[in-house]
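Worksheet: one structure, shown below.
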Amino acid sequence: MKKWWKSGDPWIWLTATSVAISIIIVAGLLVLIAVRGLSHFWPSPVLEADYVDYSTHKQETLVGEMTEKELIPGNPWLMRYLIKTGNRELFGLDFRWVLQSLVKNPVYPENLLAIGRNNGIDIYGYLTEIKAQNQVIADGKNAEIWQILNQRVERAITLNQQIKTITTCVQLRDGTLTTATNLTTEQCAPYYKDTQTQLTQLQQEIARDTLTIEIAAGETLDVAFANIVRVKRLPKSIHHVDYPEEIVVVERREWGNFYGYLQEIKENGNPVSTQNITTALEERLQHTSTLYQKIHTIEKQDIGAINHQLERLRLKERALELAHNKTGEPIDPNALAAIEADRVVLKADYDVLNQQLKQLYQEINRDSVTIKSMDGQVVDVTLAKIVKVYQPNSFTLSQKIGFYFAKMWEFVADEPREANTEGGIFPAIFGTVIMVFIMSFIVTPFGVIAAVYLREYAKQGVLTRIIRIAVNNLAGVPAIVYGVFGLGFFVYFVGGNIDQWFFPEALPAPTFGTGGILWASLTLAILTVPVVIVSTEEGLSRIPSSIREGSLALGATKAETLWRTVLPMASPAMMTGLILAIARAAGEVAPLMLVGVVKLAPSLVVDLNTPFIHLDRKFMHLGFHIYDVGFQSPNVEAARPLVFATSFLLVAVIVILNLTAIWIRNHLREKYKALETA
Amino acid sequence: MLEHMTPENTSPILSALNTPAIHRRRKIRVWVDRIAKHSMTFGGISVIIAILLIFFYLLYVVFPLLKSADIQKMQQFSMPAPEAGRTLYLATEEKNEVGVRFTDQGHIIFFDMHDGQVISNITLSIPTDVTITSFAVADPTTRIVAYGLSNGQALVLKHDYKISYAVDNFGKDQREIAPYLEYPLEKEPITIDEQGSALTQLDIQLNEDANTLAAITANGRLLLVSMVKQVSFIDESVTLERAIGELTLGNSKISHLLLDKDQRVLYMADHEGRVWRVDVTNKSALKVEDKTSVVDRNVTITAIEFLTGDISLLIGDSQGRITQWFPVRDAHNKQVLTRIREFNAQSTPITNITIEERRKGFVAADNIGQVGIYHSTAHRTLLVEPVAQKAVTHVAISPRADVLLVEDAQDQIATWAVHNEHPEISWSALWEKVWYESQSEPDYIWQSSASTHDFEPKFSLTPLAFGTIKAAFYAMIVAVPLAIFGAIYTAYFMAPGMRKIVKPTIEIMEALPTVILGFLAGLWLAPTVEAHLPGVFTLLILLPIGVLIFSYVWHLLPKPIRHLVPDGWQAMLLVPVILLLSWLSFSLSAPMEIWFFNGNMPEWLETQWGINFDQRNALIVGIAMGVAVIPNIFSITEDAVFSVPKHLTTGSLALGATPWQTMMRVVILTASPGIFSAVMIGMGRAVGETMIVLMATGNTPVMDFSLFQGLRTLSANIAVEMPESEVNSTHYRILFLAGLVLFIFTFFFNTLAEIVRHRLRRKYSSL
């Protein structure tokens, strides 16, 4: 043992532990995100359970998706489920926690109660009887047992209070306590006589009562009332869980999911007789969804374009007005007339579209379906409001897999619904991609030029070294500092001035004087330019000088040498730098929060309205989406799986980008090693 | 060179190279080369300048915070309508175009601030045989004043301004400001003293619920008349219920009277230099709480005024000293008027103190024609400058605190432009303990905004800097041992095959977006840790012990089994061991909570030790941010250890040292500068990290080093408050200052690390 200790081996094992922990953390994180992110799309079965409210003695049915289940800490006899019950307009809540007792066939199934004890641990069980002085005064069948229980608990609490008062008084007298709240010497006076007898009497009195609970099948436990602080009856617990196939999940555009049983299909409010309601519904849904697509196109694209043009006309008019105010010259009436004429044309177009919309709306609102919810209410849902209807419990495995990928596609390609807690994240993906794209467009040339200057043209002296260190260190400056800079410099200073010079007609509404995708991209470009510089410089420095010298010796100028030999050879390094920059930019959130990211952007940055790319628009971003939905959302329970899925997507993109960068770098090293030895 | 070839040397090849076409081409090439060189240089330098611009831009935004105040004379004119009497009170309106002068003969003179022209001169209607004996100004934002009369009555009025826009001949909007008077209570004087004694001192406050006038009569009584609005339940009509309180003052001579705007406290200054604090909550039973001596012997109180918010008193005395006082609860839970701070920049009697309406600043004028501009919270004297040859009799500051109106003893009125953008900031306000209003003692507080305009902003960066250091400290506690030991093992003991996988795996974590780590920390780790708190600590103890036991047992195993695992792959063996130990401690957690901690450790901590437990606390931040910086430290340390020249280690081993001895005495010693720089860089990252702390803490700016409490860092504070701060306001600039502090801090540590690393690299190459 001693020899083993002296050999230093234990220390080596401990250092190995550090590595192992680090690996576990990395792998654990990735696995956690992947499992929780990917499992979100799997159709979870919808359970139907008997759910008894004993206070009203009413049997209810609980229908919903089971999202989480756990044992209550310290009470291995009770299971807790988080059930997504949906139907928010009926119940007000999407989720609810319900208990399931694991006790099989309790004697008194209605008497489940939670007992809070003075040691802080709650205990759960089925009340079977209450005893006073070892005499059963009430048993589980007794209708008045709850009344008796409450009386006894109250009595115990009062007695405990008295005991506490006496002990405090004694402490006051003995000087172990100097001050006591709400206790005066007058109040204490009666307790100073025969203190001990009073105490023993009280303690005897309190110890007299006990209650018995059944905590596991056939196993009972006596609890003295002396230890009880509070008792809570748990009227609601589920049992008899079932997964009937006919339960449908209705995914709606508003108000979240609806769970229930299909009743009938209605057309213009009149029931339609169908042979198979599910297939009929499927057909009609297909019809409405094409209609919905049409409406969506008209509303978003056609009317959006008209609004866009109207806004441009307004700005034109305002610009004329401003020019008039400045110079005092009268406004050109022809220009005004032209604007007015354009406006009339647009109005006419708008009216046509509106007419179309009206028709479409009439058509789409024709059909509805009635669904019976778990508490027997029948709800009429218009098909226009439905995204899809499915019966997860009847799915075969292949259907489940199909559903899984459909859902995943929806997540990637759809717009968010319900304050970002449902639907897809397409705008966030799109915003991130466009931002990264603009950023790369800026950062690559500038980063490369700076690196080439530093490595190839600048005199290699102390100053260059200082600059190099400074640039290197800028990569370590906190991202939020760049955000602050971007907000102050780009948004308020540059953007404010651009507005003054080029967009005075839109003022006081800012055009570029507020956060937008251009400023966000520029800010991130500044943030990542050190990464590109450092990486490109490293690439340049790895190129053997013999190659440069050879080129120069053959009569090439320096520029030609650079352009023809050095830069092509360094291009993988630039690529690496760019990839690392992109990976960093895609994951950075803090600076974006200041310069133009929003939780919900009304329109995409690129659309069909001139000038097609709107650099002044605000945008959505994956990283910010995670922060916003995870922390600012009113419905965290509903949002959490979505946040995990978004996280998974982001992590996957970034890890892939980084692995590519690493692969390119390693590949590059091999290549130059070969060159150097050759 | 080629151009200067002599004909003797020309060979056929060279002459072919010297054709005019080739010459032209060569020239173009030289030009292209030059252009490339210059544009590269220009481009490169401008990119570098653009990056460095960050620092200078931050500095440029922060710089105005450091500037003092500055005043410039705009106009001077002789007092408008001098025949109307002596000035009692001067004021201006929001736009600094109209000034007003209230005189002791009952005239109200509105004048043009540009040239002193009288706009209107209104005479008050008071009975003929009655004179004006006192004057009072309510909360200046209400623009209400009151005259006290010699017959025991008082007249309340309000000066107000109507702004209208008219289009002039040139088609441009022209602003017109029309002053007028209003009578908020009654047009006739109200009787204050039924006995009809003259009111020698008066003060007034009006608000939505109640109107109160306080007065001292010539026969030595304090009277308080309060009119509480009663709304009838039936028809919602409003009636005023009048209550009168009275106090006989005896021999004391009262020189100043001040009623706060909430109509709860009344202060009186007497000729002996004492301030009486009178509780007037119950309007009909006035109670003198205390009398505090506020000036030295032989010094008298010459001016007394409330600071905005009516909590603090500003007392100017005959020695030119200005002191700030407010009631503070003492050890016996009794309010005592306490001296908070003093300003000693002026030396002759203070004639007049006037307060800024929207900030905790004030202006004091003195007997030799100087004015001083001060800020109370920052304890800052921004300026003391002469503005007149003789004593300044009245000074007024405009509602926006950008114009001073000064009247001197020679009956001259001057307007001065004030440039005083950021008086709230001083070294002490940012970094030292400050005694804020209504606090029982000086403290470090960050609380930048509130809904009311008279709120005292609390701009102490100390709690934020403290939070930053606390978060970084706990992160380093988690990260440094794991990363450094891990790097040592990876670089020195690990098999090359495994190292090839392990190193990039850990390094990939560096690229993991921090928003994801923050999200996991806040929504997954925090509740998990709270539910298994004992398990976390058990794991800390169990882990090293368990690993040691395992390694000892492993060492005792027969060789054939041991050799199943190749050398340098031990870390793989430990993965299941660690997972098992973690599972063990977490499953032990619940029973331990029941056995030792009364069922709930957070609750137990609170009741037994008084330790508050926040779910999102420093422990969570430490773990999450530790995970974020592990790859940084790991990567650099690993490089440093791995590149220690091999002949050093082989030499040491050849001399009989064990691998561990070689490690400790040779490798680590040589690589220590590299390890140091790794820690510095990790620290830099931890200090500036935003998303993790934003999401994994409650963001409460408390100064408590407890592991179980939340914190707020400089960076998170910027992220939280920047979007809602007003451009170029003090708050905005302070947030920039926070950014600058972060920038300098991380830049300094990174540079230090970089320099150390450079030296190390040179040392290695020489070894």
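Laboratory data are not the source of any read-out in this text; all were calculated from the coordinates shown. On a predicted model such as this, the values are computed, not experimentally measured, just so you know. Positions of Cβ are backbone-derived with ideal geometry, glycine not excepted, and every protein chain shown enters the neighbour counts.
So what is the relative contact order of chain B, in percent, for Cα pairs below 8 Å that sit 6 or more residues apart?
9
By average Cβ neighbour count within 10 Å, what is the ranking of A:639-652, B:177-190, B:124-137 from highest down?
Going from most to least packed, we get A:639-652, B:124-137, B:177-190.
Excluding the sites themselves, what is the longest stretch of chain A that contains no trypsin sites (Lys or Arg not before Pro) in a DSSP loop with at most 12 other C-beta atoms within 10 Å?
A:194-458
I'd like the orientation of helix B:668-688 relative to chain B: the angle between its Cα long axis and the longest Cα principal axis, in ° from 0 to 90, rounded to 10.
Computed tilt is about 40 degrees.
How large is the Rg to Rh ratio of segment B:655-767 when both quantities use alpha carbon positions and Rh follows Kirkwood?
Dividing the radius of gyration by the Kirkwood radius yields 1.18.
How big is the gap, in Å, between the Cα center of segment B:209-229 and the Cα center of segment A:405-428?
Rounded to whole Å, the Cα centres lie 68 Å apart.
Work out from phi, with θ = phi - 60° and the Karplus expression 6.51 cos²θ - 1.76 cosθ + 1.60, the ³J(HN,Hα) of each residue of segment B:532-543, listed in order in whole Hz, and give x for Gly and Pro.
Whole-Hz 3J(HN,Hα) from phi for segment B:532-543: 10, 4, x, x, 4, 6, 4, 4, 4, 7, 5, 4.
How big is the gap, in Å, between the Cα center of segment B:584-622 and the Cα center of segment B:253-272?
What the calculation gives is 54 Å, centre to centre.
Using only the alpha carbons of segment B:462-764, determine the length spanned along each of the three principal axes and report them from longest to shortest in whole angstroms.
In descending order, the Cα extents are 69, 56, 29 Å.
Calculate the mean, over all residues of peptide A:24-30, of how many other protein chain Cβ atoms lie within 10 angstrom of the residue's Cβ.
5
For residue B:454, what residues show an amide H to amide H distance below 5 Å, using hydrogens built from the backbone and excluding near sequence neighbours?
Under 5 Å from the amide H of residue B:454: no residue qualifies.
Segment B:703-767: which chymotrypsin sites (Phe, Trp or Tyr not before Pro) are DSSP loop and have at most 13 other beta-carbon atoms within 10 angstrom?
B:705
Can you pull the semi-axes for chain B, root of five times each eigenvalue of the Cα gyration tensor, sorted largest first, whole Å?
71, 41, 22
Of all GluC sites (Glu not before Pro) in segment B:679-731, which ones are in loop regions per DSSP and have a Cβ with at most 10 other Cβ atoms within 10 Å?
B:726
Test of understanding: ordering A:621, B:271, A:287, B:332 by Cβ neighbours within 10 Å, fewest first, what list do you get?
The most exposed by this proxy come first: B:332, B:271, A:287, A:621.
With an 8 Å cut-off on Cα pairs and a minimum separation of 6 or more residues, tell me the relative contact order of segment A:547-678 in percent.
For segment A:547-678, the relative contact order is 28 percent.
Looking only at other chains, what is the average number of their beta-carbon atoms within 10 angstrom of each beta-carbon in B:680-690?
Mean number of neighbouring Cβ atoms from other chains: 3.
Of all the stretches in chain A, which is the longest one without any exposed loop site, taking GluC sites (Glu not before Pro) in a DSSP loop (any state but H, G, I, E, B) with at most 13 other Cβ atoms within 10 Å?
Longest run free of exposed loop sites: A:255-678.
Dipole of the protein assembly as shown, Cα-centred, from +1 at each Lys and Arg C-beta and -1 at each Asp and Glu C-beta, to the nearest 20 debye?
Result for the protein assembly as shown is approximately 7000 debye, rounded to the nearest 20.
Quick one: what Rg and Dmax do you get for segment A:441-528 from the alpha carbons, in Å?
16.6, 52
May I ask you to derive the relative contact order of chain A, considering only C-alpha pairs under 8 Å and at least 6 residues apart, and to give it as an integer percent?
Contact order relative to length: 13 percent.
Once amide H atoms are placed 1.01 Å from N in the peptide plane, what residues at a sequence separation of 5 or more from residue B:370, or on another chain, have their amide H within under 5 Å of its amide H?
B:387, B:392
Compute the convex hull volume of the Cα atoms of the protein assembly as shown, divide it by the residue count, and report the result per residue in Å³ as a whole number.
333
Residue by residue, what Karplus-based ³J(HN,Hα) values in Hz, rounded to whole numbers, does segment B:455-462 have, using 6.51, -1.76 and 1.60 with θ = phi - 60° and x for Gly and Pro?
In residue order, the calculated couplings are 5, 8, x, 10, 10, 8, 7, 4 Hz.
Going toward the positive end of the dipole of chain B, with +1 on Lys and Arg Cβ and -1 on Asp and Glu Cβ, which of B:410, B:463, B:682 do you reach last?
Working it through, the farthest residue towards the positive pole turns out to be B:682.
Would you tell me the mean number of C-beta atoms belonging to other protein chains that fall within 10 Å of each C-beta in A:463-471, as a whole number?
Other-chain Cβ atoms within 10 Å of each residue's Cβ, averaged: 3.
Return one number: the angle in degrees, 0 to 90 and rounded to the nearest 10, between the long axis of the Cα atoms of helix B:730-766 and the longest principal axis of the Cα atoms of chain B.
With both axes taken from Cα atoms, the answer is about 20 degrees.
In units of 2.2 N^0.38 Å, what is the alpha-carbon radius of gyration of chain A?
Computed over Cα atoms of chain A, the ratio equals 1.39.
Given the -39500 (n - 2.57) contribution per DSSP H run of 4+ residues, what per-residue ellipticity at 222 nm results for chain B, rounded to the nearest 500 deg cm²/dmol?
One gets -12000 deg cm²/dmol as the mean residue ellipticity at 222 nm.
Can you put A:188, A:169 in order, fewest other beta carbons within 10 Å first?
A:188, A:169
Of A:494, A:247, A:275, which is farthest along the charge dipole of the protein assembly as shown in the positive direction, counting Lys and Arg as +1 and Asp and Glu as -1 at C-beta?
A:494
Express the C-alpha Rg of segment B:475-556 as a ratio against the empirical globular expectation 2.2 N^0.38 Å, rounded to two decimals.
Its radius of gyration relative to the 2.2 N^0.38 Å reference: 1.37.
Any chance you could give the angle, 0 to 90 degrees and rounded to 10, that helix B:496-508 forms with the longest Cα principal axis of chain B?
Taking Cα atoms only, the helix is inclined about 20 degrees.
Can you list the DSSP H helices in chain A whose Cα atoms extend at least 30 Å along the helix axis and whose mean Kyte-Doolittle hydropathy is 0.0 or higher?
Taking the DSSP H segments of chain A (at least 30 Å long, mean hydropathy at least 0.0), we get A:9-39, A:426-452, A:517-542, A:636-677.
Of B:634, A:234, A:62, which is farthest on the positive side of the dipole of the protein assembly as shown, counting Cα position, with +1 on Lys and Arg Cβ, -1 on Asp and Glu Cβ, and the Cα centre as origin?
B:634
Bin by bin, in steps of 10 Å, what percent of the Cα pairs in segment B:540-672 do you find, going until the bin that has the longest distance?
Over segment B:540-672, the share of Cα pairs per 10 Å bin runs 9, 21, 31, 21, 13, 4 percent.
Using Cβ contacts closer than 10 Å as the measure, can you line up B:159, B:375, A:240 from fewest to most?
A:240, B:159, B:375
How long are the semi-axes of the equivalent ellipsoid of segment B:126-293, taking √(5λ) for every eigenvalue λ of the Cα gyration tensor, in whole Å from largest down?
Calculated on Cα positions only, the semi-axes equal 33, 20, 17 Å.
Past the 26 Å Cα-Cα mark, which pairs from B:67/B:433; A:266/A:400; A:84/A:407; A:599/B:360?
Pairs exceeding the cut-off: A:266/A:400; A:599/B:360.
Which residues' amide hydrogens lie under 5 Å from the amide hydrogen of residue B:312, considering only partners 5 or more residues apart or on another chain, with H built in the peptide plane?
When sequence neighbours closer than 5 places are left aside, the close amide H contacts are B:307.
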